[in-house]
1. Taking the Cα centre of each part, how many Å lie between segment 89-105 and segment 1-71?
2. Roughly what would the spin-label model give for Ala79 and Lys42, points 7 Å off Cα along C-beta, in nm?
3. Once every DSSP H run of n ≥ 4 in the chain is given -39500 (n - 2.57) and the sum is divided by its residues, what mean residue ellipticity at 222 nm do you get, rounded to the nearest 500 deg cm²/dmol?
4. Measure of size requested: the Rg and Dmax of the chain, with Cα atoms as the atom set and Å as the unit; please supply both.
5. Taking the Cα centre of segment 2-117 as the origin, how large is its charge dipole in debye, to the nearest 20, when only Lys and Arg (+1) and Asp and Glu (-1) carry charge on their Cβ atoms?
6. Could you rank the peptides 47-58, 84-95 by their average count of other C-beta atoms within 10 Å per residue, with the highest value first?
7. When DSSP beta bridges are limited to those with both residues in segment 3-120, what percentage is antiparallel, rounded to the nearest 5?
8. Quick one: helix 21-36 against the long Cα principal axis of the chain, what's the angle to the nearest 10°, folded into 0 to 90?
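All of the numbers you see were taken from the coordinates with simple rules; none came from a lab. Worth saying up front: this structure is predicted, and the values here are computed from it rather than measured. Methodologically, a virtual Cβ is constructed for each residue, glycine included, from the backbone with ideal geometry; neighbour enumeration extends over all protein chains shown.
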Amino acid sequence: MAVAAETSNWQDARLGQHATATALTNITRGLYADKANGLVTKGQPKNSPTVSSVEPPSAPIKVIVADCGDDSNWQHYRADNGQLANDGPSGRRQINAVVERQQDGTWRVTDFGIHKVGSC
């Protein structure tokens with residue numbers, strides 16, 4: 001997502017290699033909206049994900065991942081003039097993701113939640 005966000009390329013094929021279902025829908029919708037609003041994203045998010053749970057433990061098909069991501073250096077900018085877009089606070093926030101084994105054996109994010117700044 002971070003690479004696709006550099007140009008707000010909501011059609012980047014790499015998105016489907018890592019996400020599916022609700023997660024892919026939410027990511028592509030967000031990037032589409034950014035593109036429509038003339039926004040791109042610069043910088044890099046800081047993430048340190050950890051596994052919260054594995055289901056079932058003996059033969060996992062679902063993993064819950066938690067993170068306290070930091071988007072302080074990953075911001076929206078106006079594509080037309082390169083100026084920082086004033087679109088809300090940035091900083092450390094709780095991120096939870098569901099990662100599930102797919103029929104073809106690959107693992108993809110199927111859903112995620114990003115909480116408000118200061119939530120972790």
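1. For segment 89-105 versus segment 1-71, the Cα centre distance is 7 Å.
2. 1.6 nm
3. -5500 deg cm²/dmol
4. Expressed in Å, the Cα Rg and Dmax of the chain come to 15.3, 53.
5. Computed charge dipole of segment 2-117: roughly 100 debye.
6. In decreasing order of mean packing, 47-58, 84-95 become 84-95, 47-58.
7. The antiparallel fraction comes to roughly 95 percent.
8. Between the helix axis and the principal axis of the chain, the angle is about 10 degrees.
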